[in-house]
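Beneath this line is the structure, given in structure tokens, with notes to follow.
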Amino acid sequence: MGLTAEQIAANFAEVVPAMTEAEARAEANRCLYCYDAPCTRACPTHIDVPAFIKKIATGNLRGSARVILEANVMGGSCARACPVEELCEGACVEAMHEKRPIQIARLQRHATDWALARKELPFRAGADIGRSVGVVGAGPAGLSCAAEARRLGFRVTVYEARELLGGLNTTAIADYKLTAATALAEAELVKGLGAEFRLGCAVGREVTWDELLQKHDAVFVGVGLGGTRRLGVPGENLKGVMDALTFIEELKLKPKRDVWVGRRVCVVGAGNTAIDAVTQAKRLGADVSFIAYRRGEAEKPCYDFEYDLAKKDACLFYWHLAPVRIEGDGRVERAVFKGADGREVAFETDMVIVAIGQAPRSDLLGSAPGVKRDEKGRVVVDAVTKQTSNPRIFAGGDCVNGGKEVVNAVADGKAAARGIEKMGIGTEKPRRHESTEVSRSGKNG
Amino acid sequence: MADLRIDIAGVKSPNPFWLASAPPTNTGDQVARAFDTGWGGAVWKTLGEPIVNVYSRYGAVDLNGVKMMGLNNIELITDRTLDVNLREIRDVKRRYPKHALIVSLMVESKREAWHDIVKRVEDTGCDGLELNFGCPHGMSERGMGSAVGQVPEYACQITGWVKEVARTPVFVKLTPNVSDIVFPGRAAKKGGADAISLINTINSVMGVDLDTLAPNPSVGGKSSHGGYCGPAVKPIALHMVSAIAKDPEIQLPISGIGGISTWRDAAEFMLLGATTVQVCTAVMHHGFRIVEDMIDGLSNWLDDKGFARAQDIVGRSLPRVVKWEELNLNYQHVATIDRAKCIECDLCYIACWDGAHQAIRLDTTSGMRRPVVIDEACVGCNLCKLVCPVEGCISMSPRETGAPGVTWKDYTKGAKLAPRAHHDNH
């Protein structure tokens, strides 16, 4: 037991390395520069992929970073955290032609690293239009909304309950994909556009909805989801039972060696967060790290490439096991599940990590004046403008879609800023949302 | 196995692949190594009065990551002494009696100077001479190289002087930096040339360094126009070779030069009238070893096509190079897109829409975006096929017009055209 610091560092090193200039140029030259390209259409933020790639090929990195970051201010983290196999790279025509899609994510990282290294965004805020937006939450949705609103000339104040920028980007994505340092550096870039940040300022604690609506013409809500859902079985309060987000956040923010991990780790759930937990437990030094999931392999909510990653880390998977109880004398000793045949199965374990999805932030959202939510607690918004049933409140990201990718949250934040502009909020004739289409969430682990 | 041996103006060579007069033929050691690697012949780096070269001799154009699509040089003729060159030529020829060894010459425009060098060079036992009337930089400022090739009278006169004393075949190497290559070609013929080599390099400025603002190749921040060669110049060379080959007055064997890198390039030059081909840039890029696939590939292709001898393909495609006015105006073909192969990059669509004749539309009915040819609007220009990245996806299918062939000449005399695509019809 106990890996050396070097072993742990190697285990958490980036899986996908940065490109050299030569690599990037060569790869950029492979791009066909498709007309109305499928990769761009597949990106929720519609980054003009062929345009930014062509600019890498011509040595115009400033222009390339601008194309990416204007469309997606979190382009650096998306380059690392996006499930590109399902999005741009999955849509690349070269996947069909040469059987090798263009490495769009790595190229995007190459260009956005240029901006990160210079600590500035390659575009400026718009001329002041004398209206203001209050952004609640400094995660990907909020930061994106803040950046876009500044570009449109709004004055922006971001209210973040924690002392940390970036939301789940900073605290919940495995280090081997995206480090907290990168996520924080990227979030800092938004400050450069002149948005004001109020950290440690929670709605309902330091500030009220009424105060926000009084101070700002429009309010954007990008508060994400709440804590991990509870299993609801006996023994859940034993020592050694932990929720996945807490475990992952400790890994992100503390020195890795200070984070406790069990020797036999049982992760309940099979979404992408469960994968992050099971692989990171193994990489941190667990002897055995396994997933128990109530449905079958075909129903697992995680992406296939995440599943493959965990299998390569020698993590184990047990299907069709529903949690019944957790046993132990003060500490976890066994996790008991019920199989499809109704018989109970017990696993020796000293750490149970619960990863069955996050609950909506019902208290906070419930107090938002005039904001309707659906039966699952998700904020209901107009699909285009992201306007809620309160015309001056807009929303996006996980609190609307129930839990999707960083890139979806970024797309929502940008759309909301444009929606606030388009609906004339803060002008003499503000409009209510009119389109009948309503956002619906997708697959959620 | 096809017979690759070649006879050009009485010079025999084990194969048609020669090194052009250039840096790769600067020394006896290089030429010997080239022959050992498989090259059939070599034209020695141009001999003449001593010169001095500048530092920075070459510049290149890369294309989308591919290096040296075009190369230029501001290098002059040999900077080694005549005695050393002659000794090495004699030595190489003695060691490689069956290979073709031609010596390139350039001296001032005096009859005695030419007589003198021809005699001294032929004493080495070389197989022939090549008169460098082509070099477009440096030497031309001193009345040599392309300064001769650009004035048919000079070219004719100097060729005549050389022929007065030469005992071996005389090749005249032409500059492409003229308005019509046929006139210097005819001058060479009139002067008594036994063969023509072309093309020499094309006048060029390679580019400007965007950091220093100095043109390149930079000689301490300044540059001068130089001779351009490499894959980029091949189509220009093919045109000039075929123009010389088709001219009824010239009728001389041709040694083709200009962007030849592979056996395919070589075969094309030969089909358009070259008996041998000369290579420089590809060797400067990859070394002598490239000749291995040139020999192998040409041999396999000749076998596949049923040609027994390389010499048999010389000029085979020349009858098909005609004046525009002799083309059949009633021949029609239209683009056909193979849906099964289409990857929906839609480059054909935007190329046709923005860049050509608006004859491809996007079919979005199935939720996909498939390019579809509008047959009646397609003028058969080929652009879609040229931009398509997928081999065999877009082909040009002949469209039966049922009409007899009509040339421009016929048309201007009243012959009828078959119905054809027209922009204004849709």
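The values are calculated or read from the model by the stated rules, or taken from the named source; none is laboratory data. Note that the structure is predicted; figures quoted are calculated from it, not measured. No Cβ is skipped: glycine too gets one built from the backbone with ideal geometry, and neighbour counts run over all protein chains shown. Side chains are part of the model used for accessible areas, which takes the heavy atoms of the whole protein and leaves out ligands, DNA and RNA. Shrake-Rupley method; radii C 1.70, N 1.55, O 1.52, S 1.80 Å.
Looking for whichever is part of a helix (DSSP H, G or I) and surrounded by fewer than 24 Cβ atoms within 10 Å (Cβ to Cβ) here; the options are B:Val84, B:Val148. Which one fits? From the options B:Val84, B:Val148, the qualifying one is B:Val84. Scanning the range A:69-101 for residues that are of a type outside the set (Asp, Glu), away from every other protein chain (no Cβ under 14 Å) and in a loop (DSSP other than H, G, I, E, B) yields A:Asn72, A:Val73, A:Met74, A:Cys82, A:Pro83, A:Val84, A:Leu87. For the range A:100-117, state whether one or more residues are of a type in the set (Gly, Ala, Ser), under 23 Å from A:Pro50 (Cβ atoms) and either touching a Cys at 6+ places or on another chain (Cβ under 9 Å) or without any contact (Cβ under 8 Å) to a residue 12 or more places away in the chain (or both). Looking for residues that are of a type in the set (Gly, Ala, Ser), under 23 Å from A:Pro50 (Cβ atoms) and either touching a Cys at 6+ places or on another chain (Cβ under 9 Å) or without any contact (Cβ under 8 Å) to a residue 12 or more places away in the chain (or both), one finds at least one in the range A:100-117, hence yes.
Scanning the range A:24-68 for residues that are part of a helix (DSSP H, G or I), open to solvent by 20 Å² or more (accessible area, probe 1.4 Å) and in contact (Cβ under 8 Å) with a residue 60 or more places away in the chain turns up A:Arg30, A:Arg62.
With the condition kept exactly as written, say whether any residue in the range A:270-284 is more than 25 Å from the chain's Cα centre (by Cα), modelled with pLDDT of 95 or more and either in the same structural domain as A:Ala146 (by TED's automatic domain parsing) or open to solvent by less than 10 Å² (accessible area, probe 1.4 Å) (or both). No, that holds for no residue.
Only residues that are out of contact with any helix residue (DSSP H, G or I) (no Cβ under 7 Å at 6 or more places or on another chain) and either acidic (Asp, Glu) or at the interface with chain A (Cβ under 10 Å from one of its Cβ atoms) (or both) were counted in the range B:344-367, giving 6.
Just one of (1) within 29 Å of B:Gly10 (Cα to Cα); (2) surrounded by fewer than 18 Cβ atoms within 10 Å (Cβ to Cβ) fails for B:Gly207. It is (1).
Taken over the range A:314-339, the residue count meeting the criterion of being farther than 27 Å from A:Asn11 by Cα, open to solvent by 10 Å² or more (accessible area, probe 1.4 Å) and either β-branched (Val, Ile, Thr) or outside any loop (DSSP other than H, G, I, E, B) (or both) is 9. Determine, yes or no, whether B:Ala340 is open to solvent by 40 Å² or more (accessible area, probe 1.4 Å), within 14 Å of another protein chain (Cβ to nearest Cβ) and aliphatic (A, V, I, L, M). Yes.
Checking B:Leu76, B:Leu71 one by one, the residue that is more than 14 Å from chain A (Cβ to nearest Cβ), in contact (Cβ under 8 Å) with a residue 60 or more places away in the chain, crowded, with 18+ Cβ neighbours inside 10 Å and part of a loop (DSSP other than H, G, I, E, B) is B:Leu76 and no other.
Taking the conditions (1) among the aliphatic types (A, V, I, L, M); (2) in the same structural domain as A:Thr273 (by TED's automatic domain parsing); (3) part of a loop (DSSP other than H, G, I, E, B); (4) surrounded by 15 or more Cβ atoms within 10 Å (Cβ to Cβ) in turn, A:Val384 satisfies each one other than (2).
Check whether at least one residue in the range B:165-172 is within 18 Å of B:Pro24 (Cα to Cα) and in contact with a helix residue (DSSP H, G or I) (Cβ under 8 Å, 6 or more places away or on another chain), and report yes or no. Please lay out each step first, then the result.
Step one: filter the range B:165-172 for residues within 18 Å of B:Pro24 (Cα to Cα), giving none.
Within the range B:165-172, not a single residue is within 18 Å of B:Pro24 (Cα to Cα) and in contact with a helix residue (DSSP H, G or I) (Cβ under 8 Å, 6 or more places away or on another chain).
For the range B:373-410, residues that are buried (at least 16 other Cβ atoms within 10 Å of the Cβ) and outside any loop (DSSP other than H, G, I, E, B) total 9.
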